[in-house]
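For reference, the structure is listed below as structure tokens.
Values in this text are rule-based calculations from the coordinates and carry no lab data. In this text, all values refer to a predicted model and were calculated from it rather than measured experimentally. Cβ: placed from backbone, ideal geometry, glycine included. Neighbour counts: every protein chain shown.
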Amino acid sequence: MDHRAVETLRIVLEDELPVGTHVVGDAVADLKVRDARVKLHRAGRGPKVLFLHGAGGVPQWLPFFDALAEHYEVLVPEHPGFGGSDDPAWIASMPDLAMFYLDLVEEAGFDGVHLIGNSLGGWLAAEILIRDRSRFCSLVQLAPAGIRVKGVPCGDNFIWGPEEALRNLYHEQGFADRIPRRGADRRAARCDAAQPLHGREIRLATALV
């Protein structure tokens, strides 16, 4: 089925905020594209910023978002298959997810969108823009995943041990040398505990590897 064929998109905001309002925290919206409903966090007024989160989801509203919301309308969706969003069977790869967001942006009538992608979201942002950049005016990548370097094999961060994961996070190994290993062990333990809860995220992250 053509993923560009969008049946409906519905945005329901809990609060309508006047232009210039200083926002602390976020309002919640429901978006529906075809049969997929996603949870959207939103704050501020002004030019639109679409923030695409990483594999950890959106565990909390960050001060970073509040700072942006002083000058922009900040839109932070939870990707299909993450958090409080639906998990439609037809989104099974990163290209599928990219097309979903192009559908969403087009159907909502967004133009001149500033796109920010973090980690997995950085990969997703690149996948979106190589397909259609007509409704976007800028791209910011924050530690993007998914970058392929010729001659460098793709790693599998789901099987790395704590030391290997730490080393692979940094090109400049001096940074890794200065990080206490106990912190790395705690991060690895949190990842191990989260893996059974994030099968969908793992499938999306490894779909093109």
**Q.** ARG34, ARG181, ARG42 arranged by Cβ crowding within 10 Å, fewest neighbours leading
**A.** ARG181, ARG34, ARG42
(Q) 7 Å from Cα along Cα→Cβ at both CYS137 and PHE110: what's the point-to-point distance in nm? (A) 1.4
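How about segment 59-141: which trypsin sites (Lys or Arg not before Pro) there lie in a loop by DSSP and see at most 15 other Cβ atoms within 10 Å? Intermediate values should be presented prior to the final figure.
Numbers: sites: ARG131, ARG133, ARG135; in loops: ARG131, ARG133, ARG135.
Loop-located and lightly packed - ARG131, ARG133.
What full-extension length gain, to one decimal in nm, is calculated for ASN157 and ASP87 as 0.36 nm per residue of separation minus the Cα-Cα distance?
Numbers: separation 70, 0.36 × 70 = 25.20 nm, distance 2.29 nm.
Here the answer is 22.9 nm.
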Q. For segment 65-158, how big is Rg over Rh, using alpha carbon atoms and the Kirkwood form of Rh?
A. 0.98
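For ARG135, what is the net charge nearby, where nearby means another residue's Cβ is under 13 Å from its Cβ and Lys, Arg count +1, Asp, Glu -1? Provide the component values of the computation, followed by the final result.
Numbers: positive: LYS48, ARG131, ARG133; negative: ASP103, GLU106, GLU107, ASP111, ASP132.
Summing Lys/Arg as +1 and Asp/Glu as -1 gives -2.
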